[in-house]
Amino acid sequence: MPRGRPPAGYWFTLECVVILEAGQPKAYGAALLSSFGALARFARADLRPFGLADLVRLPHPGAGCQSVLFTVDSPARLAERLGCG
């Protein structure tokens, strides 16, 4: 991994996670919420169900808009999937 680039697990959970609220995608990750461009485009991304095994294998640029984002149905479910809840 290049120096200074966050690991995929961090990037796709805390930075770029999408919450499905009543089946509709809602930006939740910090990178999505802090970028007007990412926020405007996230719903057109390839939205996939959250899975640690899948997301750690997926390369990520660490900058710019992501073409693949992972979804969970609630923040509590994300914490549970990460072993924090």
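The values are calculated or read from the model by the stated rules, or taken from the named source; none is laboratory data. Since the structure is predicted, the reported quantities are computational estimates derived from the model, not experimental observations. Here the Cβ positions follow ideal geometry from the backbone for every residue, glycine too, while neighbour counts run over all protein chains shown.
Name the helices (runs of 4 or more DSSP H) wholly within region 9-71 that hold at least 1 residues that are at pLDDT below 80 and not aromatic (Phe, Trp, Tyr)?
Numbers: elements: 30-33, 36-41, 52-57.
Filter on region 9-71 gives 52-57.
May I ask you to list the residues in region 30-42 that are small (Gly, Ala, Ser) and either surrounded by 14 or more Cβ atoms within 10 Å (Cβ to Cβ) or over 12 Å from the mean Cα position of the chain (by Cα) (or both)? Before you say what the answer is, go through the steps one by one.
Narrowing region 30-42 to residues small (Gly, Ala, Ser): 30-31, 34-35, 37-38, 40.
Selection gives ALA31, SER34, SER35, GLY37, ALA38, ALA40.
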